[in-house]
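Inspection log for the structure reproduced underneath, given as structure tokens.
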Amino acid sequence: MKNKMFQFISFIITLLIPLALIGLGLRLLLTTAFLQIEYNMPYFPPDEYGFTKEDRLNWAPYALKYLVNSADISYLGELKFDDGTPLYNERELSHMDDVKRVTKGALNVWYMSLALLTLLGIWAWRADWIQAYRLGLMRGGWLMVGLAVVVGLIVVVGILINPDIFFGFFAAFHSLFFEGDSWLFLYSDTLIRLFPIRFWQDAFLLAAVIALGGGVALGLGLRIK
């Protein structure tokens, strides 16, 4: 009976690994370091409406900080251009409020997955079912490798061959978390000027690479002998 229970928990561990690695990728993307890297890429598209790289590096961190701090939407709503006009319109502010809710939820799932993996690891060590625990980690690593490869291929094909491939994936991703077309904006809107489609292609690709690296490390590093 105990062996069956530990085998079941091992599969739970397998499912927790992608949550932990995807959450890690998300948290790393929510940093100004990623903005510095992304906006300095030689291929990153210029803003047709006048933002310089310095403007983007000035305004974009506010959006990222808002997603992880405890401030309400006035944190962004009070931002203004030099001429006094608001940085974001009401539609953009409403969307950012939704994005913060989704981001906070995703980070909470990440924290819980890390906590569960840690607690189960302690239990496995103390109750002598560490092999089943390691097997769960290893399987989870390979599961993450498969998911990361799929996402990475979608992004690469979208960049190099057919942009509609990535946009279809991007739209499907948004439909899971946002209602209707609330995430669609004009090219002249601040959110698009700061975060064009290339930004999101690179973000998904980097997240896939981070998750892939973690998955391979677990899959190969924890092989059961």
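Every number here is computed from the coordinates shown, using simple stated rules; none is lab data. Small disclaimer: the values here were computed from a predicted structure and weren't measured. Cβ atoms come from the backbone with ideal geometry, glycine included; neighbour counts cover every protein chain shown.
Things worth noting here:
- About its Cα centre, the stretch 1-75 has a charge dipole of approximately 680 debye under the convention of +1 per Lys or Arg Cβ and -1 per Asp or Glu Cβ, with nothing else charged.
- Here the Gaussian network model covers the chain, with springs between Cα atoms less than 10 Å apart; of 30, 87, 19, 87 fluctuates the most.
- Listed cross-link partners 53/100; 53/80; 53/104 are compared with a 20 Å cut-off, the Cα-Cα value being larger for 53/100; 53/104.
- Of 196, 147, 118, farthest towards positive along the dipole that unit charges on Lys, Arg, Asp, Glu beta carbons give the stretch 2-221: 118
- Taking the chain and dividing mean pair separation by its residue count, relative contact order in percent (alpha carbons under 8 Å, at least six apart): 34
- Most positive-pole-ward Cα, 220, 175, 210, against dipole of the stretch 88-225 from beta carbon charges: 220
- Ranking 18, 99, 59 by Cα position along the charge dipole of the stretch 9-160, where only Lys, Arg, Asp and Glu carry charges on their C-beta atoms, puts 18 farthest toward the positive end.
- Nearest-0.05 FRET efficiency for residue 68 and residue 127, computed from C-beta distance (R0 22 Å): 0.05
- Cα gyration tensor category, rounded, prolate or oblate, for the chain with a/c compared to 1.5: prolate
- With at most 14 other Cβ atoms within 10 Å, longest stretch of the chain clear of loop chymotrypsin sites (Phe, Trp or Tyr not before Pro) (DSSP): 82-186
- Reachable lysines, given that their alpha-carbon falls under 22 Å from the alpha-carbon of residue 4 and they are not under 8 places away in the same chain: 225
- Taking other C-beta atoms within 10 angstrom as a stand-in for reagent exposure, 72, 97, 47 fall in the order 72, 97, 47, fewest first.
- When +1 charges are put on Lys and Arg Cβ atoms and -1 charges on Asp and Glu Cβ atoms, the dipole computed for the stretch 2-221 relative to its Cα centre reaches about 1420 debye.
- Sum of -39500 (n - 2.57) over DSSP H runs of 4+, divided by residues of the chain (222 nm, nearest 500): -26000 deg cm²/dmol
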